[in-house]
Structure formats: structure tokens, C-alpha cells
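Reviewing the structure listed below.
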């Protein structure tokens with residue numbers, strides 16, 4: 001494990017991906033369990049943050065790289081004997097929910113998730129994503145079906161609450177200083193004294209929150225409120241983290257950062273987790289999630305993962321000024337269907353692959369400003 005991780009970090013440093021290298025260095029220090037290394041990784045992170053605040057183009061000192069290489073060598077030595085292991089985490093079998101004062105119902109849904117993995121729940125608003133998440137978190141009683149929390153022997157309400165954390169889209173307001181709330185959250189998990197201080201400092205650096213720690217809830221943006229809430233619940237060390245629309249209040253760069261971080265955090269050797277998140281940001285979720293479920297009008301109409309993906313037909317999304325008639329003439333296949341949606345064409349073919357279609361359009365010099373293969377994407381169901 002340690003060789004692949006150190007090679008990964010070394011590659012980030014050599015290609016000037018300093019932010020990613022810093023975050024992975026912090027993760028590795030946590031995995032070693034060595035508190036001295038964790039303190040030093042936090043210090044190196046603060047050094048990087050200082051450079052990050054400098055004027056654009058200002059050269060990073062050699063001391064930064066020297067300290068990075070020294071820390072990386074120590075991490076490699078400390079991580080020689082650590083290895084990761086994932087466990088079955090949750091299995092839901094044909095769970096359903098009907099609201100007594102509404103015509104809406106969540107139809108039977110089955111899913112399973114192991115630690116180290118991310119499950120994405122996608123679909124338009126009002127189609128049952130939040131209902132499914134609340135059922136999985138134990139907040140809603142099921143009408144039918146069964147949920148097994150594989151790491152709990154005799155799960156009751158309290159053990160599930162400690163095992164599973166649910167972050168809603170609208171996060172309840174905190175009171176007092178943000179950092180004090182993080183210390184309190186860690187203490188609820190039984191972490192006290194110097195260890196409490198270390199883990200809070202670690203989480204602040206890991207999620208780039210140190211500069212905001214002494215502010216209050218009303219002094220930060222909605223995006224940073226999401227980050228602080230993630231930090232708070234991670235300090236409680238749940239096994240399953242469930243997030244409802246965590247990307248809604250984040251800009252595009254912050255979305256990418258959070259999704260990348262969740263992927264790394266889920267695979268932590270120190271505390272592997274499972275992550276379930278809902279979103280309408282299909283492309284972003286599909287890039288980080290090993291499994292994706294598409295919910296429409298309470299029904300699970302599509303389920304895919306990295307290992308098993310059934311090709312219904314080839315599907316391609318393009319943006320071009322060419323007319324539908326021009327595209328059909330070039331492709332010369334009456335089995336192809338073309339739909340036009342908001343400036344994009346969706347081309348569906350039972351035979352021609354997306355690469356073949358793109359090749360024909362490029363050969364005929366059709367100008368395209370965007371294209372994406374959505375054969376295995378839930379985007380084709382919207």
C-alpha cells in the first residue's frame with residue numbers, strides 16, 4: 001500500500017499538483033497512526049497554505065520541496081506494514097416507503113455497499129432521492145423490505161445513529177465558534193485531551209478550514225457550512241456517511257475537491273467508510289461513485305457499477321451548429337435516433353459506437369464544441 005501511495009504523492013509533487021499532494025500526505029499520515037507524523041504533516045500543510053496565499057507566479061522555495069521529500073520518506077517508512085481491508089457495510093432488500101398524506105411512494109429498491117466505496121443516487125427533485133437516503137439512515141420507518149447493517153450485531157436506534165451519519169441539504173445552524181463545535185463533536189466520540197486537539201487541527205487542514213475556524217456560522221458562506229458539517233461528522237468516525245445534495249451550495253472547483261476528498265476518505269486505512277450521496281450533478285457523481293442508482297418517480301429504473309454495465313445501446317451527447325438533417329445524412333443509418341435538448345443533440349444508435357459516430361462527424365468536418373459518451377451514464381434517462 002505504502003509504495004503506491006508514496007509514488008502517487010511524488011507524482012503530484014513533480015507535476016505541481018501541490019494541493020492534491022498535501023491532502024494525500026495528510027491522509028497517509030493519519031493511516032500510519034503516528035501522531036508525530038500527523039503533527040508534521042499538518043505543519044507542512046500550513047506551509048503550503050502560506051505559499052498558496054502568495055501572489056500568483058511567486059516561486060515556491062526549495063525548502064518546501066525538501067521538507068516534502070523528507071516527510072514523504074518518513075511516511076513511507078512508517079507505512080510499511082499497513083494495509084487496507086474493506087467490509088460489507090449495508091444491504092437493503094426491496095425497501096419501500098409510502099407517505100400517508102401524499103400520493104408519492106418509494107417503490108422497492110435494493111442495494112448494497114462496502115466500506116471504501118461511494119454510491120451515487122441521482123434523479124430530478126421530488127423523485128424520491130431524499131426519502132431513500134432517510135430510510136437508509138434509519139430516520140424513516142420502512143413499509144416493507146429490510147436493511148442490514150453488516151457491522152452491527154444487534155442494531156437498535158442508538159447504535160445505528162452512531163454507525164450512520166446523515167447530512168441533509170439544509171444544514172441546521174451551529175452556535176458559537178466553529179472550532180469549538182468541532183472539539184465538542186470529537187469529544188462525543190470519546191476523543192479528549194491532546195488527541196482531541198490533534199484530530200480537530202487535522203480535520204481543519206484536511207478540508208482547508210483553518211482560516212475560518214474562529215468564525216461563527218453567520219460569518220461563512222453556505223459552501224463552507226457544508227464543509228464544516230462534513231468535518232464535524234467525520235470527527236465522530238461513522239462507518240456510513242450519507243449526504244443529501246452536498247454539491248448544491250458549492251462552486252464547480254469546490255465540487256471537484258469535495259468529491260475527490262470523499263473518495264480518498266472512504267478508502268482510508270485508518271477508518272474505511274462507505275459514502276452514499278444524492279445529486280443532480282450527474283457527470284461529477286459518476287466520476288467518483290463506483291455505483292450509481294437512478295431514481296424516477298419513486299422507481300429505481302437504472303443501476304450501474306464499475307464492474308457490471310449492460311449496454312442498452314450506444315448514446316452520445318454533442319453540441320454543434322450542424323443541423324439534425326446534416327448529422328443524419330453523414331451517419332447514414334435509419335436506426336439512429338437524434339433528440340435535441342437545450343442546445344445539445346443526443347444521438348442513440350443500436351450498432352454504431354460513440355467513437356465511430358464521432359469519427360464520421362470529424363471526418364466530415366462537423367464543428368463540435370462538446371461531446372460526451374453517455375452510453376453508461378444516467379444522463380440518457382433525463
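The values are calculated or read from the model by the stated rules, or taken from the named source; none is laboratory data. Remember, it's a predicted structure, so these values are computed and weren't measured experimentally. Ideal geometry is used to build each Cβ from the backbone, glycine not excepted, and the neighbour counts take in all protein chains shown.
Data overview
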read-out: Residue check, residue 195 assigned to a helix (DSSP H, G or I) and farther than 22 Å from residue 19 by Cα; value: yes
read-out: Residue match in the stretch 282-293 (condition: over 21 Å from residue 172 (Cα atoms), crowded, with 21+ Cβ neighbours inside 10 Å and more than 13 Å from the chain's Cα centre (by Cα)); value: yes
read-out: Single residue of the stretch 265-274 satisfying the filter (touching a helix residue (DSSP H, G or I) at 6+ places or on another chain (Cβ under 6 Å) and surrounded by 17 or more Cβ atoms within 10 Å (Cβ to Cβ)) that is farthest from residue 226 (Cα to Cα); value: 269
read-out: Subset of the stretch 94-127 [farther than 15 Å from residue 292 by Cβ, outside any strand (DSSP E or B) and in contact with a strand residue (DSSP E or B) (Cβ under 6 Å, 6 or more places away or on another chain)]; value: 115
read-out: Subset of the stretch 337-354 (residues that are within 10 Å of residue 314 (Cα to Cα) and exposed (fewer than 12 other Cβ atoms within 10 Å of the Cβ)); value: 351
read-out: Some residue of the stretch 368-382 being more than 20 Å from residue 283 (Cα to Cα), in a loop (DSSP other than H, G, I, E, B) and either without any contact (Cβ under 8 Å) to a residue 12 or more places away in the chain or not assigned by TED's automatic domain parsing to the domain that holds residue 120 (or both); value: no
read-out: Of all residues in the stretch 21-48 being over 21 Å from residue 82 (Cβ atoms) and surrounded by fewer than 18 Cβ atoms within 10 Å (Cβ to Cβ), the one that is nearest to the chain's Cα centre (by Cα); value: 46
read-out: Inter-residue pairs, beta-carbon under 7 Å, first in the same structural domain as residue 369 (by TED's automatic domain parsing) and part of a helix (DSSP H, G or I) and in the stretch 336-355, second modelled with pLDDT of 90 or more and surrounded by 17 or more Cβ atoms within 10 Å (Cβ to Cβ), 6+ apart; value: 354/314; 354/316
read-out: Residue 232 outside the structural domain of residue 40 (by TED's automatic domain parsing), closer than 26 Å to residue 40 by Cβ and either in a helix (DSSP H, G or I) or touching a residue at least 60 places away in the same chain (Cβ under 8 Å) (or both); value: yes
read-out: Verdict on residue 123 being in contact with a helix residue (DSSP H, G or I) (Cβ under 6 Å, 6 or more places away or on another chain) and crowded, with 22+ Cβ neighbours inside 10 Å; value: yes
read-out: Matching residues in the stretch 118-153 - criterion: being over 16 Å from residue 243 (Cβ atoms) and without any contact (Cβ under 8 Å) to a residue 60 or more places away in the chain; value: 126, 140, 141, 142, 143, 144, 145, 146, 147, 148, 152, 153
read-out: Matching residues in the stretch 202-229 - criterion: being over 17 Å from the mean Cα position of the chain (by Cα), surrounded by fewer than 20 Cβ atoms within 10 Å (Cβ to Cβ) and not in a loop (DSSP other than H, G, I, E, B); value: 210, 211, 212, 216, 217, 218, 219, 222
